[in-house]
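To keep things clear, I will list the structure first and then write my remarks on it.
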Amino acid sequence: MEHYTMNLNLKVWRQQNAAAKGGFKLYRVENISSEMSFLEMFDVLNEQLIHDGEDPITFDHDCREGICGSCSMYIDGKPHGPWQANTTCQLHMRAFKDGDTIVVEPWRADSFPVIKDLMVDRTAFDRIIQAGGYISVNTGNAVDGNSLPIPKDDADASFAAAMCIGCGACVAACKNSSAMLFVSAKVAHLALLPQGEPERRSRVLNMVAQMDKEGFGACTNTGACEATCPKEISLSNIARLNQEYTLASLTAK
Amino acid sequence: MTWKQVFTSSIGKKLVMGFTGIFLILFLIVHVGLNACIWVPDGGETFNKAAHFMGSMIVPRILEIGLFAGFFLHIIQGYLLTVQNRSKRSVGYAVDYGNRGSKWYSRSMGILGTLILLFLIMHIYHFWTPSRLGGMWNIHELGTVMYNGKEYHDLFNEMRIVFAGNLVIVIVYVLGCISLGYHLAHGFKSAFRTLGVHNNRYFDMIKATGYAFAIIVPLAFAMMPVSYYLGWV
């Protein structure tokens, strides 16, 4: 694709802290290369703000190669911007045209309170993982990988669910602020493997209980999460979560 | 784990919606099948006898109580879930994801359900109260008709009284059926998702059945008032 430069108008959410009332602020960036990533464009804007003596815009980022799940911008009405199966850091400026106005908001959910500007507190996800998103193994030498036979289809489905990077785009996209795509990916990932079997029931019960405690909404199967997920986690994982939960809760002592 | 914990969890609430939803879908099959008897060209005899069967036998009457319970649970739980889910995002977005991520009717189950509820109240007032409670507390009573020396409620004629020459009522009924169609277009497959169907071979079948059901059943219902209005029956 041919390289071009563009001038853009940015409408960015600024908020001093969790308690403060935020609002949109307009910025202008010029000579942005079509080969920059969206975050690099924000770096340019922040350089400009620092140069002008203003407070730079706070946003989450880490690996910048789409695997850490840190970046979290809601761009023009869609988490991670207009492209499919893509994180904000992988979004390139060639997705935009010269003269565009881009609206950038933080994830919106009461369970993800804004820390500052575009950065939100996603530790609720960490607590859900702590509630059951693990397997218990004795320490010692690693077991030989081939000692536990796993059907290829199950291994593939488990791996597809394990692709979830926990970015929270599903919560941001959902009209109910439901975290069920995230939780279902974590539950399905381990439920499909023999290693996950011993804690299979307590895992799903504890993770769903923690999810409810964190104040996420309930799933109504609209599919907005699946449509926006950068790792294309399938909605059928939520059906699997429902099945796991139903069986575990109805047979629990 | 207590039963209360099961059914007050987010998935437990969904299970209540899913189970009652499928129960109400089964009711729709019975209802549309029985009402389709109005098109039997015998002046309503088959239909009136079928309606009499439903009203006089003990099993349908017990199921009727279950039906009211099912409606009640589905409606109350639906409103509670809608209100709770909406309260999870106190600050909204300036730009909405909207139809890019999901179908409008899947996001509008509360509104569609409310339209169906309003329709249902009117519908019960038109047909259920006169046939079950007619004669009590000044409630208007159904006319009767004789078949082989036995007296039956003339529900067939009651439908004519309600619909024939009454364009506004017919339009409201058709709108009610359209709301039902969109409600089912999402509700049918969503109910099975909630019950845990994740096998795509089965789910594709359920999805196709759901869309067909959401078109055929409301269309058949809508054709009933239209048939009376246009003098087809």
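Solvent-accessible area assigned to carbon and sulfur over the protein assembly as shown amounts to 61 percent, based on a 1.4 Å probe. Charge tally around A:Gly69: other residues with Cβ under 15 Å, Lys/Arg +1 each, Asp/Glu -1 each, net -2.
Only counting protein heavy atoms at a 1.4 Å probe, give the residues of region B:1-33, ordered by number, whose accessible area falls by 20 Å² or more when the other protein chains are present relative to the chain alone. The answer is B:Met1, B:Trp3, B:Val6, B:Ser9, B:Ser10, B:Ile11, B:Lys14, B:Leu15 - residues whose exposure falls by at least 20 Å² when every protein chain is included. Taking trypsin sites (Lys or Arg not before Pro) across region B:110-196, none is in a DSSP loop with at most 11 further Cβ atoms lying within 10 angstrom of its Cβ.
Could you tell me which of A:Gly99, A:Gln48, A:Met6 has its Cα farthest along the dipole of region A:1-120 towards the positive end, charges placed at Cβ (Lys, Arg +1; Asp, Glu -1), taken about the Cα centre? Checking the options against the dipole of region A:1-120, the answer is A:Gly99. Each part reduced to its alpha carbon centroid, region B:78-143 and region B:14-55 end up 20 Å apart. All other residues whose Cβ lies under 9 angstrom from that of A:His3 are scored, Lys and Arg at +1 and Asp and Glu at -1, for a net of -1.
With a cut-off of 15 Å, note down the residues of region B:185-204 whose backbone N falls inside the zone around a label point 7 Å from the Cα of B:Leu28 toward its beta carbon. Zone members listed by number: B:185-193.
Each Cα pair under 8 Å and six or more residues apart adds its sequence gap; the mean of these over the residue count of region A:5-116 is a relative contact order of 34 percent. Given A:Gln16, B:Leu118, B:Asn200, which one lies farthest toward the positive end of the charge dipole of the protein assembly as shown, if we put +1 on the Cβ of every Lys and Arg and -1 on the Cβ of every Asp and Glu? Value computed over the given set: B:Leu118.
Using θ = phi - 60° in the Karplus curve 6.51 cos²θ - 1.76 cosθ + 1.60, the 3J(HN,Hα) couplings for region B:211-224 round to 5, 5, 4, 5, 8, 5, 5, x, 5, 4, 4, 5, 5, 5 Hz; x is entered for Gly and Pro.
Averaged over its residues, region A:5-116 has an accessible area of 44 Å² per residue, based on protein heavy atoms and a 1.4 Å probe.
Our helix-only sum for the protein assembly as shown, with -39,500 (n - 2.57) per DSSP H run of n ≥ 4 divided by its residues, gives a mean residue ellipticity at 222 nm of -16500 deg cm²/dmol. In the distance distribution for chain B, Cα-Cα pairs more than 22 Å apart total 60 percent. Restricting the calculation to Cα atoms, every distinct pair contributes to the Kirkwood radius of region A:5-116, found to be 14.4 Å. Take A:Cys68: with every protein chain present and a 1.4 Å probe, its accessible area is about 50 Å².
Could you tell me the relative contact order of chain B? Use alpha-carbon pairs under 8 Å, at least six residues apart, and round to a whole percent. The normalised contact order for chain B reaches 26 percent. Near B:Tyr147, the amide H atoms lying under 5 Å from its own belong to B:Tyr152; only residues 5 or more places off or on other chains count, and H is placed 1.01 Å from N.
Suppose R0 equals 30 Å. What FRET efficiency, 1/(1 + (r/R0)^6) with r the Cβ-Cβ distance, do B:Thr2 and A:Val143 give to the nearest 0.05? Computed FRET efficiency for B:Thr2 and A:Val143: 0.20.
This model, with +1 at the C-beta of Lys and Arg and -1 at the C-beta of Asp and Glu, gives region A:5-116 a dipole about its Cα centre of some 420 debye. The equivalent ellipsoid of region A:73-170 has semi-axes of 36, 20, 10 Å, largest first, where each one is the square root of 5 times an eigenvalue of the Cα gyration tensor.
Label sites at A:Ser136 and A:Asp156, each approximated as a point 7 angstrom past Cα along Cα to Cβ, lie 3.4 nm apart.
Say a site is exposed when it is one of the chymotrypsin sites (Phe, Trp or Tyr not before Pro), sits in a DSSP loop, and has at most 14 other Cβ atoms within 10 Å; what is then the longest site-free stretch of chain A? In chain A, the maximal stretch lacking such sites is A:5-133.
The value for region B:99-216 of Rg(Cα) / (2.2 N^0.38 Å) is 1.44. Considering only the Cα atoms of chain A, their convex hull presents on average a projected area of 16.7 nm². Taking amide H atoms as placed 1.01 Å from N in the peptide plane, the amide H of A:Asp100 lies under 5 Å from those of A:Asn9, each 5 or more residues away in sequence or on another chain. Taking each of A:Lys97/A:Lys186; B:Lys49/B:Lys189; A:Lys21/A:Lys186; A:Lys21/A:Lys231; A:Lys186/B:Lys13; A:Lys116/B:Lys14 in turn, the alpha-carbon distance tops 28 angstrom for A:Lys97/A:Lys186; B:Lys49/B:Lys189; A:Lys21/A:Lys186; A:Lys21/A:Lys231; A:Lys116/B:Lys14.
Remark: C-alpha extents of the protein assembly as shown on the principal axes read 95, 59, 44 Å, sorted largest to smallest.
The values are calculated or read from the model by the stated rules, or taken from the named source; none is laboratory data. Since this is a predicted model, take the numbers as computed values, not measurements. When we count neighbours, we look across all protein chains shown, and the Cβ atoms used for this are built from the backbone with ideal geometry, even at glycine. These accessible areas exclude ligands, DNA and RNA; they are computed on the full protein's heavy atoms, side chains included. Shrake-Rupley method; radii C 1.70, N 1.55, O 1.52, S 1.80 Å.
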